[in-house]
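S.K.: Please read through the structure below; I'll follow up with questions.
The values are calculated or read from the model by the stated rules, or taken from the named source; none is laboratory data. Everything numeric here is computed off the predicted structure, so don't read it as measured data. We place every Cβ from the backbone using ideal geometry, glycine too, and count neighbours over all the protein chains shown. Surface accessibility is based on the protein's heavy atoms, side chains included, excluding ligands, DNA and RNA. Shrake-Rupley method; radii C 1.70, N 1.55, O 1.52, S 1.80 Å.
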Amino acid sequence: PSGVQGMLFSVSNVLIQSTINGYGKIVMAGNANASNLDGFQYTAMNSVYHAALTFVGQNVGAGTYKRIKRIMFDCAGLVTAIGVAVGAVLILFGRPLLSLYSSGDAKDAVIEAGMNRLWILATPYFLCGLMDVGCGLLRGMGKVILPMIVSLLGSCVFRIIWIYTVCPLAPTNISVLYASYPISWLLPAAVHFICCVCFYRKLMKKNGQAAPA
């Protein structure tokens, strides 16, 4: 399921990239440069996803279900802190960092296009981290199909629908397209954590224990 999810995400990203290409060379270049920077942010947060998956899986295997709640809170707090901190760095130092990727007569315009993406995506990027952590928690509890379906519907399908319904309302404004990203992170993250709480309670009930407050 994880491999299928990654494959379908790549397919949807092709469609999204083709849409971005329609906004012109400046936007294309600024988007590409900014995506290189927020790649560092994603990599830092993605490490917490692997930690959540590993620790929950270990404790489920050992039958120490009470620890899962602590792992949920720790990983959610850690990925939020990392996302906000790195996002703040990218916003504060965005222009000099983007200048490393930009050159030519249109350099300033490309940097501004890149900063537009960073303002809209880097600041709420911790939501993407929460989405991934929720996915890792569920997989650690042995639920592998559900997070794949939730992630694909909440991110891929939602963005494709957004492209064909909302973006035409403002065909020259790339910010409308970018706005779909935070929403597509928030919705799956919320569903993931609701499912985590439900499955956690089932594990505790199955083990004959009351879920700790």
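S.K.: Taking a ≥ b ≥ c as the square roots of the eigenvalues of the Cα gyration tensor of region 66-174, is the shape rounded (a/c under 1.5), prolate (a/b larger than b/c) or oblate? Walk me through the numbers on the way to the answer.
M.R.: Working: a/c = 3.40, a/b = 1.52, b/c = 2.23.
Cα axes put region 66-174 in the oblate bin.
S.K.: May I ask you to derive the FRET efficiency for residue 81 and residue 170 from their Cβ-Cβ distance with R0 = 41 Å, giving the value to the nearest 0.05?
M.R.: 0.75
S.K.: Please give the net charge around residue 33, taking every other residue with its beta carbon less than 13 angstrom from that of residue 33, where Lys and Arg add +1 and Asp and Glu add -1.
M.R.: +1
S.K.: Run the simple label-point estimate for residue 95 and residue 15 please: 7 Å along Cα→C-beta, distance reported in nm.
M.R.: Computed distance between label sites residue 95 and residue 15 equals 3.8 nm.
S.K.: Taking only Cα atoms, what is the 0 to 90° angle, nearest 10, from helix 180-206's long axis to the longest principal axis of the chain?
M.R.: Helix 180-206 sits at roughly 10 degrees to that axis.
S.K.: Consider the candidate values (i) 19.0, 69; (ii) 16.3, 48; (iii) 18.5, 64; state which one is Rg and Dmax of the Cα atoms in Å computed from the structure displayed.
M.R.: (i)
S.K.: Among rounded, prolate and oblate, which fits region 128-213 when a ≥ b ≥ c are the square roots of the eigenvalues of its C-alpha gyration tensor, a/c under 1.5 means rounded, and a/b larger than b/c means prolate?
M.R.: It comes out prolate by the Cα gyration axes.
S.K.: What number comes out for accessible area per residue over the chain if the probe is 1.4 Å? Units Å², please. Can you show the working numbers first?
M.R.: Values: 10510 Å² over 213 residues.
About 49 Å² of surface per residue is accessible.
S.K.: Tell me, what % of the accessible area of region 134-186 is carbon and sulfur with a 1.4 angstrom probe? Mind dumping the intermediate values first?
M.R.: Numbers: 1690 of 2170 Å².
Carbon plus sulfur share of accessible area: 78 percent.
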